[in-house]
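Asks: What follows is a single structure, and I will ask about it in a moment.
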Amino acid sequence: MQINIDQSRLQNEIDALAGYSSEPSPVVTRVVYSHADQDARIYVKGLFAEASLEVREDPIGNTFARWVGSDPELAPVGTGSHIDAIPNAGKYDGTVGVLGGLEAIRALQRGGFKPSRSVELLLFTAEEPTRFGIGCPGSRMLSGILTAEAAGKLRDADGSSLNELRTAAGFHGELRDVALTRGYYGYFVELHIEQGPLLERKGLSIGIVQGIAAPAGLNILIEGEGGHAGTVLMPERKDAFLAGAELALEIEGLTRKLGGTDTVATVGKCDVFPGAVNSIPSRLKMSLDLRDTDGSRRDRVLEAIGVAAKEIAARRKTKISLELLNADAPASCDAQIIEAVRAACDANGVRYREMVSRAYHDSLFMHQVCPMGMIFIPCRGGVSHRPDEYSSPGQIATGVLVLAETLARLAGGER
Ligand code: GLV
Ligand code: MN
Ligand code: MN
């Protein structure tokens with residue numbers, strides 16, 4: 001079977017999808033359940049229908065587009081990614097896995113392939129934590145790790161609940177029906193941009209992912225005492241911001257001291273109250289994103305941060321509360337999928353390397369449902385989550401070719 005990727009059609013579709021944004025081009029901002037997200041979904045579902053895929057949506061908008069295989073007894077092969085985009089993002093993160101997955105299916109259809117297992121393309125509802133403060137709510141619910149009860153309590157910064165937002169976006173039904181049974185898929189494989197510089201630096205076309213690092217997310221609330229910036233003398237102060245600043249530096253220090261190369265910590269949000277030039281901060285809200293490929297090492301760092309927070313709170317006469325939002329388990333990719341991707345590269349003369357994913361992806365949660373693997377393609381300068389994020393049409397087409405070949409190997413069928 002000849003697999004021909006229609007590179008220019010795919011690029012046109014990626015460009016068109018980028019037009020569904022709440023900020024003008026080249027910025028892509030597409031927060032889940034926003035107008036931009038809803039319009040983008042209509043566009044993408046139209047493409048699914050054109051490819052004669054059977055489309056269904058679950059109660060939170062995870063969208064499944066199935067190319068029905070010849071053996072309904074066999075569990076399908078899943079592929080796909082997300083189309084939501086953080087504020088001020090680019091156009092390739094996630095979309096390459098959705099539109100590239102679609103082009104992989106179309107290329108196999110054009111080549112006359114008849115899959116034994118169905119091949120199902122997924123568009124996950126939100127991989128980004130932008131709206132609900134927690135990454136991958138869509139695949140997290142599919143995996144059952146985010147329960148219906150916990151999802152029912154999720155709210156965005158404006159206080160709107162996931163329930164209100166998803167129904168307003170047209171997604172109905174019981175949240176408890178979202179979780180997939182284990183083994184629903186035979187395999188799941190996701191194509192994604194690397195979001196790091198390693199492939200480009202080595203001049204390689206494909207990264208075969210061996211495992212995915214996992215995040216722990218925390219909300220940190222620091223309560224001190226406010227007051228007049230001129231009249232309250234330094235020894236009298238209970239400055240919430242300074243306690244937070246010290247904690248942030250301690251987080252960095254502990255991560256370096258107790259962690260390994262793959263242990264990374266980020267305080268990315270910091271909200272000072274009342275936020276006035278001449279007022280001592282009485283309250284501070286901070287976020288912590290702590291990740292590692294080794295879950296127990298990450299949890300040891302987390303524990304040490306808890307101890308440091310208590311010490312800082314006592315010394316600075318403030319109250320520090322840590323709310324653990326998630327502490328996900330890292331995932332290993334499946335040996336059979338890794339082998340299929342390697343064989344797909346070899347069959348097409350594509351140069352690759354093995355690597356870990358330090359960003360998280362929906363595949364981290366699909367790992368709970370079925371064997372999982374990921375295929376990375378290079379992106380310019382390793383840049384991602386920025387409007388200048390870029391992978392060339394040729395680099396994307398190579399990734400799609402390897403994905404198509406991998407799907408064919410995993411699905412089995414007549415070539
Ligand atoms: C995904 O967007 C991540 O933050 O790794
Ligand atoms: Mn992202
Ligand atoms: Mn992504």
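The values are calculated or read from the model by the stated rules, or taken from the named source; none is laboratory data. The model shown is predicted, which means the values in this text are computed figures rather than measured ones. Every residue, glycine as well, gets a Cβ built from its backbone with ideal geometry; the counts of neighbours run over all protein chains shown. These area figures cover heavy atoms from the full protein model, side chains too; ligands, DNA and RNA do not enter into them. Shrake-Rupley method; radii C 1.70, N 1.55, O 1.52, S 1.80 Å.
Asks: Does ALA313 meet the test of being out of contact with any Pro (no Cβ under 6 Å at 6 or more places or on another chain), touching a residue at least 60 places away in the same chain (Cβ under 8 Å), outside any loop (DSSP other than H, G, I, E, B) and closer than 30 Å to ALA397 by Cβ?
Replies: no
Asks: Right, next: Only residues that are assigned to a loop (DSSP other than H, G, I, E, B) and over 16 Å from CYS136 (Cα atoms): list them for the stretch 94-117, please.
Replies: GLY111, GLY112, PHE113, SER116, ARG117
Residue-by-condition table, conditions (1) at pLDDT 95 or above; (2) surrounded by fewer than 20 Cβ atoms within 10 Å (Cβ to Cβ):
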{"position": "LEU322", "(1), (2)": "yes, yes"}
{"position": "LEU325", "(1), (2)": "no, yes"}
{"position": "ASP334", "(1), (2)": "yes, yes"}
{"position": "ILE377", "(1), (2)": "yes, no"}
{"position": "VAL402", "(1), (2)": "yes, no"}
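Asks: Out of the stretch 34-93, which residues are part of a strand (DSSP E or B), of a type in the set (Ser, Thr, Tyr) and away from ligand 1 (no atom under 16 Å from the Cβ)?
Replies: Of everything in the stretch 34-93, those that are part of a strand (DSSP E or B), of a type in the set (Ser, Thr, Tyr) and away from ligand 1 (no atom under 16 Å from the Cβ) turn out to be THR63, THR79.
Asks: Something else about it: List every residue pair whose Cβ atoms sit under 9 Å apart, with the two residues 6 or more apart in sequence or on different chains, where the first one lies in the stretch 339-354 and is free of Cβ contacts under 8 Å to residues at least 24 places away in the same chain and the second, anywhere, is part of a helix (DSSP H, G or I) and surrounded by 13 or more Cβ atoms within 10 Å (Cβ to Cβ).
Replies: GLU339/ARG409
Asks: Given the criterion within 14 Å of ligand 3 (Cβ to nearest atom), open to solvent by less than 30 Å² (accessible area, probe 1.4 Å) and in contact with a strand residue (DSSP E or B) (Cβ under 9 Å, 6 or more places away or on another chain), identify the matching residue among GLY69, GLY61, GLY80.
Replies: Matching residue, one of GLY69, GLY61, GLY80: GLY80.
Asks: If you take the residues of the stretch 133-146 that are surrounded by 24 or more Cβ atoms within 10 Å (Cβ to Cβ) and within 16 Å of ligand 2 (Cβ to nearest atom), which of them is farthest from GLY412 (Cα to Cα)?
Replies: Only one residue fits best here, namely GLY135.
Asks: Condition first: more than 24 Å from VAL68 (Cβ to Cβ) and either open to solvent by less than 10 Å² (accessible area, probe 1.4 Å) or touching a residue at least 24 places away in the same chain (Cβ under 8 Å) (or both). Now tell me which residues in the stretch 390-400 satisfy that.
Replies: Residues satisfying the conditions are TYR390, SER391, PRO393, GLY394, GLN395, ILE396, ALA397, THR398, GLY399.
Asks: Among the listed residues ARG140, ARG131, identify the single one that is more than 21 Å from LEU407 (Cβ to Cβ), within 16 Å of ligand 3 (Cβ to nearest atom), in a loop (DSSP other than H, G, I, E, B) and not aliphatic (A, V, I, L, M).
Replies: Step by step, each of ARG140, ARG131 is checked, and only ARG131 is more than 21 Å from LEU407 (Cβ to Cβ), within 16 Å of ligand 3 (Cβ to nearest atom), in a loop (DSSP other than H, G, I, E, B) and not aliphatic (A, V, I, L, M).
Asks: Looking at the stretch 197-239 only, could you name the residues that are touching a Ser or Thr at 6+ places or on another chain (Cβ under 8 Å), surrounded by fewer than 21 Cβ atoms within 10 Å (Cβ to Cβ) and in a loop (DSSP other than H, G, I, E, B)?
Replies: If the condition is that a residue be touching a Ser or Thr at 6+ places or on another chain (Cβ under 8 Å), surrounded by fewer than 21 Cβ atoms within 10 Å (Cβ to Cβ) and in a loop (DSSP other than H, G, I, E, B), then GLY226, ALA229 are the ones that fit.
Asks: Restricting attention to the stretch 114-128, report how many residues are surrounded by fewer than 24 Cβ atoms within 10 Å (Cβ to Cβ) and within 16 Å of ligand 3 (Cβ to nearest atom).
Replies: 1
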